[in-house]
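Visitor: Handing you this structure, nothing more for now.
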Amino acid sequence: MKNFSWICFVSLCYVFNPAQSLKAQSPYDEMHRPQVHFSPKENWMNDPNGMVYLNGVYHLFFQYYPGATVWGPMHWGHAVSKDLVHWQELPIALYPDSLGYIFSGSIVADLQNTSGFGKNGKTPLVAIFTQHDPIGEKKGTIDFQNQGIAYSLDEGKTWTKYTKNPVVKNPGIRDFRDPKVSWYEPGKKWIMTLATKDRVTFYSSHNLTEWKKESTFGEKLGSHGGVWECPDLFPLNYQDQQLWVLLSSINPGGPNKGSATQYFIGKFNGNEFTPIQDYTEPQWIDYGADDYAGVTWSNTGSRKIFLGWMSNWNYATIVPTEKWRSAMTIPRELTIKKPGNRFLLASEPVKEFASIFEKPIVFADKILDNFDLSKEAGKINGPAVLHIHSAQIKNFSVSLSNMKGEELILGYDAPTNSFYIDRTKSGKTEFEKSFPARHTAPRFATTKETDFVLVIDNASVEMFADNGLTVMTDIFFPEEDYSILRIQSPAHFTASKISFNRLKPIWDNR
Ligand code: FRU
């Protein structure tokens, strides 16, 4: 399948192997611990922050509370990867200060030293984040969220906060946060996309320290069921047409309850964003319950790589993990597609992900009336990728289950032309009332042909249907690992090819 070609990057992975040192510190083998997704060694994590690529290294910062496995005074944790697959967790990058907790934000590589923070030819990394003053919040003020900056001259290891913070003062909007900054070349200026209540506001700057308001976007468009958070704005080509994508997470108000990320495709002229199609109905980057606050890496050229937090504020603080809470999605490459008369944002796992594939087990021309893949391939336990290709989509389901009778069911429902994930009986579900549910997503592809890819880990599944046109991510917590994988179809769904790849855990020595 296009854009998800399983190219082997093994040599690259051998050069850089942070997993080796991590394994020595901690086995990462607790119950429900993701084996192919980033999760912090211990304690609480939420949104990805400050994702930036510099000198061959992908930096992933994240909302982190080192004091407990629940949300608390926010710091920025830090992890790095050379291949977007294997991660090494580094010491905490940013700590709360007198202006407040360090909420979500972004990092830019200030290549032209517009900020003047660079010294001796060193490119400064500049972090732009929200400073959330918990005292002001308690007092009932509304201007307790302001934007501050910090810079690093050692590739994100240590940071100096700007002495004149905040750089964008709250104008009297209670929810005023999560700045995502990028360089706008035609206007030779920085653009900040900021979540402001249930809209986004754009600011611009020539030096990252002085900011001017440009415009506001979002009134009566998309979903307004909750506050907008963690926006992102970036150009992305469709054929030879340059379009712009605006992401905006929202909580609550998602398509399957709670948190989710909507998007708009349009034009941006340096001052204003204008959608190129109707967004009375929201469009979601991922229709599952567990992909939130996702944004893209900066400084990756025309390649746009997205990653989200694999949880939902409805239950994030009470999911049944003990040592740590939450993981990130697989990094995903974004493209714009136009299957019918609408532009859509598609996402698929980055090609580097294929570097951890074990040898595939392949089946050709299978009628999937009742196919027990685990009988042919052995027990499923552990992370895996299942890829089904068919010339004609029909009703089908994939079930992952264990000897306790716990079961996760995913598939396609022809009468409603929708995909679904049903975690009603997936294991431990009783910790929150909305958790045991069946989630659905529309099928956007207009072809009969389908490609259906599942990335399965110990406590999550990511579904990429039709080359990423419909995406769903859900987490689950079985009492014992799923070991059986069955594909069923009363409609005689036939796969021209099924391939099943076990995955090498990213924390293991290889
Ligand atoms: C989104 C969010 C952001 C905020 C951060 C606080 O999940 O609520 O808006 O900056 O989490 O941790």
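Visitor: Quick one: how many residues across segment 204-218 are touching a residue at least 12 places away in the same chain (Cβ under 8 Å) and more than 19 Å from Val245 (Cβ to Cβ)?
Guide: 8
Visitor: From Met51, Met74, grab the single residue that is surrounded by 14 or more Cβ atoms within 10 Å (Cβ to Cβ), within 15 Å of the ligand (Cβ to nearest atom) and under 17 Å from Gly301 (Cβ atoms).
Guide: Checking each option against the conditions leaves just Met51.
Visitor: Related question: Would you kindly identify the strands (runs of 3 or more DSSP E) lying entirely within segment 172-272 that contain at least 2 residues that are away from the ligand (no atom under 16 Å from the Cβ) and within 24 Å of Glu333 (Cα to Cα)? So that I can check it myself, show each step before the final result.
Guide: Details: elements: 176-184, 189-196, 199-205, 212-217, 227-238, 241-251, 260-268.
Because the criterion is at least 2 residues that are away from the ligand (no atom under 16 Å from the Cβ) and within 24 Å of Glu333 (Cα to Cα), the strands (runs of 3 or more DSSP E) in segment 172-272 that meet it are 176-184, 189-196, 227-238, 241-251, 260-268.
Visitor: Tell me, which residue of segment 280-330 that is among the hydroxyl-bearing types (Ser, Thr, Tyr) and open to solvent by 20 Å² or more (accessible area, probe 1.4 Å) is nearest to the ligand (Cβ to nearest atom)?
Guide: To start, the set of residues in segment 280-330 that are among the hydroxyl-bearing types (Ser, Thr, Tyr) comprises 280, 287, 292, 296, 298, 300, 302, 311, 315, 317, 321, 326, 329.
So of that shortlist, the ones also open to solvent by 20 Å² or more (accessible area, probe 1.4 Å) come out as 280, 300, 302, 317.
Values: Thr280: 25, Thr300: 23, Ser302: 28, Thr317: 11 Å.
Checked segment 280-330; the qualifying residue nearest to the ligand (Cβ to nearest atom) is Thr317.
Visitor: Now for a different question. Can you find, within segment 77-108, the residue that is farthest from the ligand (Cβ to nearest atom) among those that are in contact with a helix residue (DSSP H, G or I) (Cβ under 9 Å, 6 or more places away or on another chain) and among the β-branched types (Val, Ile, Thr)?
Guide: Across segment 77-108, the extreme among qualifying residues is Val85.
Visitor: So which of Gln145, Gln63 is of a type in the set (S, T, N, Q), within 16 Å of the ligand (Cβ to nearest atom) and touching a helix residue (DSSP H, G or I) at 6+ places or on another chain (Cβ under 9 Å)?
Guide: Gln145
Visitor: Conditions: (1) outside any strand (DSSP E or B); (2) at pLDDT 95 or above; (3) hydrophobic (A, V, I, L, M, F, W, C). Leu408 meets all but one. Number of the miss?
Guide: Going through the list (1) outside any strand (DSSP E or B); (2) at pLDDT 95 or above; (3) hydrophobic (A, V, I, L, M, F, W, C), Leu408 breaks only (1).
Visitor: Another question about this same structure. What is the residue count in segment 289-299 for residues that are in a loop (DSSP other than H, G, I, E, B) and either under 19 Å from Met192 (Cβ atoms) or of a type in the set (Lys, Arg) (or both)?
Guide: 2
Visitor: Is there any pair with a first residue in segment 257-283 that is under 22 Å from Leu469 (Cβ atoms) and a second that is outside any strand (DSSP E or B) and within 16 Å of the ligand (Cβ to nearest atom) whose Cβ atoms are under 6 Å apart and which are 6 or more apart or on different chains, and what are they?
Guide: Ser259/Asn312; Ser259/Trp313; Ala260/Gly254; Thr261/Ile285; Gln262/Ser223; Tyr263/Ile285; Pro282/Ser223
Visitor: Sticking with this structure for a sec: Taking the condition of being more than 27 Å from Ser81 (Cα to Cα), surrounded by 24 or more Cβ atoms within 10 Å (Cβ to Cβ) and of a type in the set (S, T, N, Q), how many residues in segment 146-195 meet it?
Guide: The number of residues fulfilling the criteria is 1.
Visitor: Looking only at segment 28-42, decide whether some residue is modelled with pLDDT under 95, open to solvent by less than 30 Å² (accessible area, probe 1.4 Å) and assigned to a loop (DSSP other than H, G, I, E, B).
Guide: Checked segment 28-42: at least one residue is modelled with pLDDT under 95, open to solvent by less than 30 Å² (accessible area, probe 1.4 Å) and assigned to a loop (DSSP other than H, G, I, E, B).
Visitor: Checking the structure you have, find out if any residue of segment 444-467 is in contact with a helix residue (DSSP H, G or I) (Cβ under 8 Å, 6 or more places away or on another chain) and either outside any strand (DSSP E or B) or more than 22 Å from Leu334 (Cβ to Cβ) (or both).
Guide: no
Visitor: Could you identify the single residue in Lys366, Lys379 that is open to solvent by 60 Å² or more (accessible area, probe 1.4 Å) and either among the basic types (Lys, Arg) or under 23 Å from Phe493 (Cβ atoms) (or both)?
Guide: Residue meeting the stated conditions: Lys379.
Visitor: For segment 220-248, give me each residue that is farther than 22 Å from Tyr184 by Cβ and of a type in the set (Gly, Ala, Ser).
Guide: Result: Gly222, Ser223, Gly225, Gly226.
Visitor: Could we say that Ile336 is among the hydrophobic types (A, V, I, L, M, F, W, C), surrounded by 19 or more Cβ atoms within 10 Å (Cβ to Cβ) and more than 29 Å from Ala384 (Cβ to Cβ) here?
Guide: So Ile336 does not fit the description; no.
Visitor: Does Asp133 count as surrounded by fewer than 22 Cβ atoms within 10 Å (Cβ to Cβ), within 24 Å of Val80 (Cα to Cα), charged (D, E, K, R) and at pLDDT 95 or above?
Guide: Judged against the criteria, Asp133 is not a match.
Visitor: Looking only at residues in segment 131-142 that are closer than 8 Å to Gly100 by Cβ and not in a helix (DSSP H, G or I), which one is farthest from the ligand (Cβ to nearest atom)?
Guide: Asp133
Visitor: Inspect segment 109-122 for any residue being within 16 Å of the ligand (Cβ to nearest atom) and part of a strand (DSSP E or B) and give the result as yes or no.
Guide: Scanning segment 109-122, I find no residue that is within 16 Å of the ligand (Cβ to nearest atom) and part of a strand (DSSP E or B), so the answer is no.
Visitor: Can you tell which of Tyr53, Tyr58, Tyr64 is in a strand (DSSP E or B), within 19 Å of the chain's Cα centre (by Cα) and without any contact (Cβ under 8 Å) to a residue 40 or more places away in the chain?
Guide: On the way: Tyr53 fails: without any contact (Cβ under 8 Å) to a residue 40 or more places away in the chain; Tyr58 fails: without any contact (Cβ under 8 Å) to a residue 40 or more places away in the chain.
Exactly one residue qualifies, and that residue is Tyr64.
Visitor: Consider segment 143-170. How many of its residues are of a type in the set (Lys, Arg) and either outside the structural domain of Ser205 (by TED's automatic domain parsing) or not in a loop (DSSP other than H, G, I, E, B) (or both)?
Guide: The number of residues fulfilling the criteria is 1.
The values are calculated or read from the model by the stated rules, or taken from the named source; none is laboratory data. In this text the structure is predicted, and so the values were computed from the model without any measurement. FYI the Cβ positions are ideal-geometry reconstructions off the backbone, even for glycines, and counts take in every protein chain you see. Accessible surface is based on the protein model in full, side chains and every heavy atom, while ligands, DNA and RNA are left aside. Shrake-Rupley method; radii C 1.70, N 1.55, O 1.52, S 1.80 Å.
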